[in-house]
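Engineer: My structure is below; once you've seen it, I'll send some questions.
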Amino acid sequence: MTLSTFKHTLLICLMAQIGSVFFGQAAFGQSQSYITTSEIGGGIGGVNYKGEIAPSYRLLNNQPALNLFYRRDISAPITLRGGLVASHRIIDDNTFSDEAFNLPLPNYRQADLRMSLLELSAVMEYNFLDYYDFTQPIRISPYFFAGVAGFLYNQKTTFENTTLQNQEEPFRTTLGVAIPFGVGIKYALSRHWNLGLEFGARKLFNDNIDNLYGQDKRISNPYDNDWYFYNGISISYTFYRINCPPVYKNKPGLLD
């Protein structure tokens, strides 16, 4: 077999494999079109922040968070999810003692951020495997999600360096919009119970979650918006609804 023939054979096999995945999903969607699933669940995890006070993502910077959600399938690979995340966090320029935070700017600024956050989101999930195929002995699927979120945060930033800000500034409550996206994996413990693990980022459209926007450019970065992240574990319960096929629904006496 020549190299050219081998390449053509490999390409055909690859295309056939990709086609089998998509047609397999479509066939499954047709066979399960009369079954609708929905889930309610909750979880615990951590909310992380990336901005002027924490310029890079750090795992140890997570603060406890709670998560509630409702999920409903609209096709074999796609589900819609509405969620609520709540968290309270405290972070300051002296949170860490390693060399990365032992820099002149944090030592000069000495900022302390206290913030409570409540997020409401609507996202679409794409399941890469056939999660609702009950013929499989193990039901598991990684997924990708993206959507839109609105969040409400109540925050206050103070400075030990009193030349930067009035120490008596009150807490401020602000609304914001974010684009949540990320990856996760779901695993069926039983026909009804599911376990989930997820990591997601929230892209913000402002640079004021840490209340440093508008400060002296020597202590803030006005060219880079803030981010926050949620990662956690969840458990959910699945409800099943069997929809009557139209051929029987339109003719009630057909099975008599």
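Readers should treat all values here as calculations from the given coordinates under stated rules, not as data from a laboratory. Since this is a predicted model, take the numbers as computed values, not measurements. Neighbour counts are summed over all protein chains in view; Cβ atoms, including those assigned to glycine, are modelled from backbone coordinates with ideal geometry.
Engineer: I need the calculated FRET efficiency for the pair residue 135 and residue 205, taking r as the beta carbon distance and R₀ as 35 Å, to the nearest 0.05.
Structural biologist: Rounded to the nearest 0.05, the efficiency is 0.20.
Engineer: Same structure, new question: Using 0.36 nm times the number of residues separating residue 88 and residue 241, minus their current alpha carbon distance, what extension gain do you get?
Structural biologist: So the chain would gain 51.3 nm between residue 88 and residue 241.
Engineer: What ranking of 236, 56, 75 emerges when the number of other C-beta atoms within 10 Å of each C-beta is taken as an exposure proxy, fewest first?
Structural biologist: Arranged by neighbour count, lowest to highest, 236, 56, 75 become 56, 75, 236.
Engineer: Residue 171 to residue 120: extension gain in nm, 0.36 nm per residue of separation minus the Cα-Cα distance?
Structural biologist: 16.2 nm
Engineer: Oh, and also: Using the Cβ atoms and a cut-off under 12 Å, what net charge is assigned to the surroundings of residue 146, where Lys and Arg are +1 and Asp and Glu are -1?
Structural biologist: +2
Engineer: Please work out how much length the chain gains when fully extended from residue 40 to residue 179, using 0.36 nm per residue of separation minus the C-alpha to C-alpha distance, in nm with one decimal.
Structural biologist: Stretched out fully, the residue 40 to residue 179 stretch lengthens by 47.8 nm.
Engineer: With a sphere of radius 15 Å drawn around the Cβ of residue 129, what net charge do the other residues whose Cβ falls strictly inside it have (Lys, Arg +1; Asp, Glu -1)?
Structural biologist: -2
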